[in-house]
Each structure stands twice: as structure tokens, then as C-alpha cells.
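Each remark here refers to the structure printed beneath this line.
The values are calculated or read from the model by the stated rules, or taken from the named source; none is laboratory data. Computed from a prediction, not measured in an experiment: that's the story for all the values here. So basically every Cβ, Gly included, is an ideal-geometry build from the backbone, and we count neighbours across all protein chains shown.
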Amino acid sequence: MSEFVETISRSEDGRFLELLIGPQHPASGHMRLVAEVDGDVVVSLRPNLGYVHRSVEKIAEVKKFLQIIPLVERPSLADTTANNLAYVLALERLLGVEPPPRAQYLRTLLAEINRIHSHFYGIGIHGVMIGSSTAFMWAFGDREPLIHLAQELTGARITYSYIIPGGVRRDMPPDFPDKVEKVLRYIERRLEDYDKLYVRNPVVRARLEGVGVLKKEDAIRLGITGPNLRASGVPYDVRKADPYCAYPDIDFNVITREEGDAMARFLVRVGEIRESMKIIRQVLKKMPDGPIFAEKYYKMLPPNLKKYYEETKEVKFPGIFANLRAPAGESVARVEGGRGEVVIYIVSKGGMNPYRFRIVTPSFRNAVLFEHLVRNVRVADIPAIYGSLDYFPPEADR
Amino acid sequence: MDLEEVVQRVKDALSDLEVEVQEKGPNVVEVKVNRENVIEAARKLKGLGFDHVKSVTAIDYPNERFEVVYHASSYSNLELARFFLVLRVDLPYDDPKTPSLLEVWPSVLYLEHEQYDLMGIDFEGHPRKERLLLPDDYEGIPPLRKEFKIKTEGINA
Amino acid sequence: MVCGLKGMMWVGNLEKAARKAAVWLVNKRPIRDIRDWGISFSLWPVHFTTACCGAEFAATSAPKYDAERFGFLPFVASRQCNLLLIEGTLTKKMAKAALWVYEQMPEPKFVIAMGACAIDGGIFWNSYNIVRPMDILPVSVFIPGCPPRPEAVAQAIIMLQKKIRKGELVKYEEMEVVK
Ligand code: SF4
């Protein structure tokens, strides 16, 4: 049996001390870490999850298919598009609908905008944890232009519910590409500053380099996902491995690094921000014209909603859609979100609710890294490692 | 690599076990196995390159059976990464026990633990038998079972 | 207690008397107004994230919305804070932690409940694992929304400040003095 599954052994002579970190701690994580320390060295650590367990899977069983869209977004609030998209992809596979090309591109656009601001969120929280408030302030400040863009597109700051079965909720405003370009140029400029503040900062390097090294074999064995996986040299990205939406037509690289330490995880995120900007530019350039909503559902709209759609390019579902029935069967979908791969598995018995709804979020799969990486490190390294994982407890606990 | 090839490979690898191999959808290979053979099957599938598990789901069919569904895929072989390998194990309703696949796929550590916690499936050989997501003092029916009812709103079918 | 001071003799519980005098003094106008005014501009919410609303709470303290201009700065240790901001759902496990944090905070202390979840469960109203904050904590201000926008959080801070300045929330007479 692999060695990390050993339970914490209490030392007989009282040499080791059990240290409880959280759930109220400076890093604002909603979880507790139970560490066993020998002096200043952490011998072993177990995350204690469940502080934000809100039973999304159970509630989904009594909600209707459309009502589940906002529900799945809530667990990972900083990265809602990934969950929204994964759920809608799974549902569409069940329903057998295919969104039109423009909708595919709009989905990709929002997913990438969301990825960038989710990465900034991660960088900011990482900054708080290693005691650099500047990084928090900068990253959270630079998140705002992107949130503003997403708001122009969808109407909400972070909980978009933009992606609906058969398409997207509204079309992009006519001057949107210019605004995006402006923001992207700003972000490009800012990334250089981050280089100075973070990447070439000796203090940050000393705290992150060589800390929490995750080897490639371990990353594969433990089923790690997202930037944490790619920082260990595994070039797996769902966008390449199992392309969805507009990704097959788009040219981008999968960022990987070989070191596997906290710094590498940080650098992969920065690299992905750059790639996402590339994707957004291509998406805007290649954006096809046409409807944003599947023909099959468009036909079902009553005339007044059809007229509304033609005038405003906004989709409003009529009431009957609340009773959307999915045929019996099951479907599974995966999507690469900011933090990693979201897997959604729906079992339907042909009713108005799913029979079993399963969502596996990246943070939950990465939770095992706490006990794997935080071993034989100093107590002061715990926040450096924790921050570098971009772990979001509500997402892990669901 | 296309789906048929993967299905064929899976079939070949599992030929000496009693399994049902099917293709489901564009990139899903489904393997049905009974619980006596599950470890053996998992080991062979791992040999094919399915090196990690993405999700473990237990499904409750009241008074009939439980089903445990593993979604595995590959990180080391990017061609295989396009496919989902779905491993399904049926369990009798009054005896929800199945061998844990931890020794084959360490990635099931938390995933199986969660199903133990929320669905009450006993994964034999899994070292953790405490609460994971529920409060430590939780007692009663595991909440994801169908007999555990929560409030619903309006007229709900 | 008897104590001598330059040949004079004071008799009685000096400490108690002093405390009484102090309470009388801080509750007297204009000292009371100055006190409340001061408190309203030094709100220290404790770093205690309970659920996903924390993402918007973080945005509130970040540059664009800059809650620090209201004298509102999250701080790490509950012993030095006077405001508990429940950021969203309170699960059963977290509710215990919230109570511990609340008990550790020194008086005067205030509670803001953020998000629909903290009012009546919000989207998770029928979950088996949640607690309504108002059942366990004295909440002064609720912020509706799921998640509330940072502007709404800022408004809640201002509402709380107004309430404090009206003298509704801080009452020293009832406070138990810890020795
Ligand atoms: S109110 Fe909404 S955003 Fe806030 S904790 Fe609840 S579900 Fe999350």
C-alpha cells in the first residue's frame, strides 16, 4: 500500500505535538489542517474537510435540470464557468442537442476570461498566505477589469449562469472586442510588473523554490489535476486531450514545467494567463456569425419570446423549460477549469430531476496533496504550499 | 487510437475474467465486473495505461442494489486520455461491501472515502473509516441514500 | 479594601467604584458620542471565511472597492477583532467554529451576515448540513444577494456604522468585565 495512507501515529514519548490550524486562520481557508509537529518540522499533516459541505449532490436530486445550473456554480465561486459548462455539456449529451458555432465560441470566450480571473484569484490568495499583501492587492485589483468584461457579457459579476442547454444566454455587445483588447493590453503590461514583484523577487523565490516538490509519478498516481499537475511535467489539459466547444479550432500551448515545486505551480498559472489571452484574441477574430441558441429549442419558443430574442439577442426560456425532461440514460463530461478538471456525471431515469448527480471538483482531487506534500517541511512552509495549490474549500467540500 | 481499438484492447486484457465490455457514447468504454474480480480487473486496466481515477460514484437503487462506478482515464498516455473507462460494480442492497481499489489506484483515496461517508458503502481494505465531509458526530442514514429525504419546494414530481 | 494615600484613608471596593465611574463616564454625552463615533470607524472583521461569499468579500477589501476607507480591515486574530462577518452558508461543522470565534472576540462586537445563505439558507435552504446564523448569533445587519456585490457589502458596513453611531449597539452597562 502506498505510504501516504498511513494514519497519524502518536508518539509514545510525547515528542510530537498535534497542531490544529484553522478553520479560522490568517489564510482564510475554510478548512482545518491537523499537523503533527516535531519542533518546527511537520511530521505529517491531514486536512480536515467538510467545513463547507453543503450537499450539492443531494440537493441536485430534487432540483429540476435548469435549476441545477446556478447550483453547480456555487461551489467554486471564483471559477463558475467551468462548473456551468461541464454540467451543460453533460446535460446536452443526455438531451442530444448541439449548440450552434457562435455559441461555442462565446462559451470559450467566457471560459477563458473566467480562467484568467480565477488564476488571479489564486495568485492573490497565495500572496496573502506568504505574507505579501501587495500581491493580494495587485492580483485582486487586476481581476476587476476581467470581471467587468464578463459582466458586460453576461450581466453578473461572478455567477454567470451564462451557458444554457443549447447555447448561451445572450450575445456579446457590439463594442465588446475593443473593450477586451484594451483589458488584455492592460493585463499584458501588468504581467511584466508581476515579473518584477514576484518572479524575480529573491524573497519570493526563497520561499517558493524547492518547496513542496511534487514528482511526476506521484502526480499521476494520486490523480492530481489542473496547473498542479502540469507543474509536475504532465502535459494533460482537457482542452487538448478531449477538446470541447471551440478549442479544436484554436491554437494554444499547454504550459508545463518540470520542477514541480510551489514556484513552478505559480509560474504555470502565469503562463496560462498568457495562453488564455492568446485564445481570447483568436476567439474574437474567428467568431462566426449566426444564432446563439440551438434551432431545436428556438422553435419551441412562443412568438413573443422569439421576437424578444430577435430584437435583443437575449434568450429567455419560457416556463415550460422548467420542466425539461432528460431521457433515461447517463452522461459524463469534463471541462478544464481554472483549478483543473471538473467531472460531472449525471444519471437520469427520464424524470425532471437527475436520479444521481455527481460532481468531482479539482480541489477535491487535489486535497490529497496536503498530506502528500506537507511532510518533513517547516511549519512556515505550510502556507507557501497551501497557497500554491490554489485550493478552494467550498469547491472541495461541495 | 479510436474507440474500437480501445474496446478491443480492454476486451483482450480482461479476457480471462467475467466481464462485460461495451462502448457507450463517443469516448466512453464501459466495463461491468462483479466485486470478486474488481481488483484483478482494475490491475489489468492499469496495465493498459488507465493510471488514475477521476471519480467514484455510488448509486443507490432502493431495495434493489447499489452500484459503484469508477471513471478512470490516463495521464501518461495522452492518446488514451481522450477516453473514459467506466468500471461498474454491482453490490447487493443489504450488503454494500466491495474491495477498495486503493492498492491499484491510489487516487481513489478521497473519492472512495467520500462515498463511504455519504453513501455508506464499505470499501474493504480502505484505511479510513471516519467521517470525511459530514460532521464527526453525524449519526443516521448516510445522506445520499434515497431513503434520506430532504425538503422539496412546490409541486415536485 | 483599604488603601492609604498621602495620609487619607479610602474605604470600600475601590476597583468596583472605579469601574462604575468609568462606565458612567463613557455612557455620558458627549463622551458616548465620541466613543461610538470612534468605534464605528475602527471595525476589524476577523479573517473567518465560512463559504463561497468569501470570494466577494475578498473583492471588497481589494483595491477597486477598498473597504479600508471605511476603517474596515480584516485581521487575523479573533482576540483583536470586533466584527464577525459570516460570509455565506454556515454549515454545522463551521457553526461550532463560528461560535468559538465569536466568544473569543472582546466586547463590543458585531455580526454581519452576508449572502442569502446566511439569511435563510439561500440556494441551499434544504441542505441537511446548514445552520441559520441568526439562530446562533446576534446579527445586526443582513446583506441579501447571492453573492452580494461588493457595493452591497460596503453599504452594509455603512449601515452598521450608522447603527453604532446611533448608540443602538454598544451598551457598556450590560458588559461583563473580565478580570
Ligand atoms: S449566498 Fe450564494 S454566494 Fe453566498 S455563500 Fe450562499 S450560495 Fe455562496
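Points worth noting:
- Odd one out for A:Ala111 among (1) touching a residue at least 60 places away in the same chain (Cβ under 8 Å); (2) assigned to a loop (DSSP other than H, G, I, E, B): (2)
- Looking across the range A:69-104, the residues that are more than 14 Å from chain C (Cβ to nearest Cβ) and surrounded by fewer than 24 Cβ atoms within 10 Å (Cβ to Cβ) come down to A:Leu89, A:Glu92, A:Arg93, A:Leu94, A:Leu95, A:Gly96, A:Val97, A:Glu98, A:Pro100, A:Pro101, A:Arg102, A:Gln104.
- Where strands (runs of 3 or more DSSP E) fall entirely within the range B:1-96, those with at least 2 residues that are away from every other protein chain (no Cβ under 11 Å) are at B:19-24, B:28-33, B:65-73, B:84-92.
- Where B:Ile150 falls short, out of the listed (1) out of contact with any Lys or Arg (no Cβ under 7 Å at 6 or more places or on another chain); (2) in a loop (DSSP other than H, G, I, E, B): (1)
- Residue within the range A:347-355 that is more than 8 Å from every other protein chain (Cβ to nearest Cβ), within 16 Å of the ligand (Cβ to nearest atom) and either surrounded by 22 or more Cβ atoms within 10 Å (Cβ to Cβ) or closer than 22 Å to B:Leu144 by Cβ (or both) present: no
- Here C:Met105 meets each of (1) free of Cβ contacts under 8 Å to residues at least 40 places away in the same chain; (2) away from the ligand (no atom under 16 Å from the Cβ); (3) touching a Cys at 6+ places or on another chain (Cβ under 6 Å) with one exception, condition (1).
- Considering the range C:51-64, the residues that are buried (at least 19 other Cβ atoms within 10 Å of the Cβ) and in a loop (DSSP other than H, G, I, E, B) include one that is farthest from the ligand (Cβ to nearest atom), namely C:Ala62.
- Residue among A:Pro248, A:Pro288 that is part of a loop (DSSP other than H, G, I, E, B) and closer than 26 Å to A:Thr108 by Cα: A:Pro288
- Qualifying residue in the range A:121-128 (condition: within 16 Å of the ligand (Cβ to nearest atom) and buried (at least 23 other Cβ atoms within 10 Å of the Cβ)): yes
- Residues being more than 27 Å from B:Ser74 (Cβ to Cβ), surrounded by fewer than 22 Cβ atoms within 10 Å (Cβ to Cβ) and within 10 Å of chain A (Cβ to nearest Cβ) - total across the range B:99-133: 2
- Where helices (runs of 4 or more DSSP H) fall wholly inside the range A:14-97, the ranges with 3 or more residues that are more than 16 Å from the ligand (Cβ to nearest atom) are A:80-95.
- Those residues of the range A:222-241 which are within 11 Å of chain B (Cβ to nearest Cβ), in a loop (DSSP other than H, G, I, E, B) and among the aliphatic types (A, V, I, L, M), in sequence order: A:Leu222, A:Ile224, A:Val234
- Being among the basic types (Lys, Arg) and at the interface with chain B (Cβ under 9 Å from one of its Cβ atoms) is a property that does not hold for A:Arg339.
- Summed over the range A:366-398, residues that are more than 23 Å from the chain's Cα centre (by Cα) and not β-branched (Val, Ile, Thr) total 5.
- Single unsatisfied condition, C:Ile112 versus (1) in a helix (DSSP H, G or I); (2) within 16 Å of the ligand (Cβ to nearest atom): (1)
- Remark: A:Ala219 matches the filter, which requires a residue to be surrounded by 18 or more Cβ atoms within 10 Å (Cβ to Cβ) and either touching a Cys at 6+ places or on another chain (Cβ under 7 Å) or hydrophobic (A, V, I, L, M, F, W, C) (or both).
- Residue satisfying condition, being near the ligand (Cβ under 10 Å from one of its atoms) and in contact with a Lys or Arg (Cβ under 7 Å, 6 or more places away or on another chain), within set C:Ile130, C:Ile143: C:Ile130
- Here is the figure for the range C:147-172: residues that are in a loop (DSSP other than H, G, I, E, B) and surrounded by fewer than 19 Cβ atoms within 10 Å (Cβ to Cβ) total 7.
- Residues of the range A:141-174 that are without any contact (Cβ under 8 Å) to a residue 60 or more places away in the chain, within 11 Å of chain C (Cβ to nearest Cβ) and within 24 Å of A:Leu85 (Cβ to Cβ): A:Asp142, A:Arg143, A:Glu144, A:Pro145, A:Ile147, A:His148, A:Gln151, A:Ala156, A:Arg157.
- The set of residues from the range A:319-365 being part of a loop (DSSP other than H, G, I, E, B), among the charged types (D, E, K, R), under 27 Å from the mean Cα position of the chain (by Cα) and under 17 Å from B:Glu67 (Cα atoms) is empty.
- If the condition is being away from chain B (no Cβ under 13 Å) and more than 28 Å from B:Glu153 (Cβ to Cβ), then the range A:307-336 contributes A:Lys307, A:Tyr309, A:Glu310, A:Glu311, A:Thr312, A:Lys313.
- Residue that is surrounded by the fewest Cβ atoms within 10 Å (Cβ to Cβ) [pool: residues in the range C:65-96 that are more than 16 Å from the ligand (Cβ to nearest atom), in a helix (DSSP H, G or I) and touching a residue at least 40 places away in the same chain (Cβ under 8 Å)]: C:Phe70
- Filter result (free of Cβ contacts under 8 Å to residues at least 40 places away in the same chain, among the small types (Gly, Ala, Ser) and in contact with a strand residue (DSSP E or B) (Cβ under 8 Å, 6 or more places away or on another chain)) within the range C:46-60: C:Gly54
- Search result, residues across the range A:362-396 that are within 10 Å of chain B (Cβ to nearest Cβ) and within 16 Å of the ligand (Cβ to nearest atom): A:Ala396
- Considering the range C:19-50, and only residues there that are more than 9 Å from every other protein chain (Cβ to nearest Cβ), among the aromatic types (Phe, Trp, Tyr) and under 19 Å from the mean Cα position of the chain (by Cα), the residue that is farthest from the ligand (Cβ to nearest atom) turns out to be C:Trp37.
- Meets criteria (among the hydrophobic types (A, V, I, L, M, F, W, C), within 14 Å of the ligand (Cβ to nearest atom) and at pLDDT 85 or above) for C:Ile136: no
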